[in-house]
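Okay, structure first, notes after.
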Amino acid sequence: ATGRHRVSAGTIVLGDLRSFDECPVGLEPAAVVVSRCVSNPTEGVYTLDAGVKALAADAGDPLCQIIGKTDYTLRKASEEHLPVECASITKGDVLYLVPKHICPTVNLAETALWIEGDGEQVERRRVNVHARAHPLLANDRPIDVKALDSSLCYDTWDSFP
């Protein structure tokens, strides 16, 4: 073992619904999933293009909260879609979702849109906060990921100086 610990910037840095429920100190989420309403299959039901791959299913239902909406009910998500019952969504709307558990979402992302201040400054950046909860093992021995390919190992401090 190298003595080096890798962490994800998920819950600790960015926050998610579960952490806000468990520790209600008035924080706002620092990361959201941007989703678009892609269809209206039946009256009052709309499909968002963010499913369990974007929102993670490990924390259970509801997978997320829609910022700015209160009149909705989330249905069972598929890998890439989330059906929503709502009277105030229309096809094409862009919605901002706060995941119940942000860690898997952050761990899977390779890029992120960084929005500062009043939203005037928007830029796309590479996310260097990938982490693994357990060391990679081969034949019960740790694998030196950096020796395999240094681009696979990221330090949290690269993105959060």
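Under the condition of being touching a residue at least 40 places away in the same chain (Cβ under 8 Å), surrounded by 15 or more Cβ atoms within 10 Å (Cβ to Cβ) and closer than 14 Å to residue 103 by Cα, the residues counted in region 44-78 number 6.
The condition of being aliphatic (A, V, I, L, M) and in contact with a helix residue (DSSP H, G or I) (Cβ under 9 Å, 6 or more places away or on another chain) holds for only one of 59, 87, 50, that being 59.
I want to confirm something. Restricting to region 88-108 and keeping residues that are open to solvent by less than 30 Å² (accessible area, probe 1.4 Å) and out of contact with any Asp or Glu (no Cβ under 6 Å at 6 or more places or on another chain), which single residue is nearest to residue 18 (Cα to Cα)? The residue in question is 98. Taking the condition outside any loop (DSSP other than H, G, I, E, B) and under 26 Å from residue 126 (Cα atoms), does residue 11 pass? Yes: the conditions hold for residue 11.
Please enumerate the residues belonging to region 29-43 that are open to solvent by 80 Å² or more (accessible area, probe 1.4 Å) and under 16 Å from the mean Cα position of the chain (by Cα). Selection gives 34, 36. All told, residue 85 meets the bar of being in contact (Cβ under 8 Å) with a residue 24 or more places away in the chain, of a type in the set (Asp, Glu) and surrounded by 11 or more Cβ atoms within 10 Å (Cβ to Cβ).
The rows are residues; the columns are (1) modelled with pLDDT of 95 or more; (2) more than 17 Å from residue 108 (Cβ to Cβ).
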site: 46; (1), (2): yes, yes
site: 55; (1), (2): no, no
site: 68; (1), (2): no, yes
site: 74; (1), (2): yes, yes
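The values are calculated or read from the model by the stated rules, or taken from the named source; none is laboratory data. Computed from a predicted structure; not experimentally measured. Neighbour counts are summed over all protein chains in view; Cβ atoms, including those assigned to glycine, are modelled from backbone coordinates with ideal geometry. Keep in mind that these areas ignore ligands, DNA and RNA; they rest on the heavy atoms of the full protein, side chains included. Shrake-Rupley method; radii C 1.70, N 1.55, O 1.52, S 1.80 Å.
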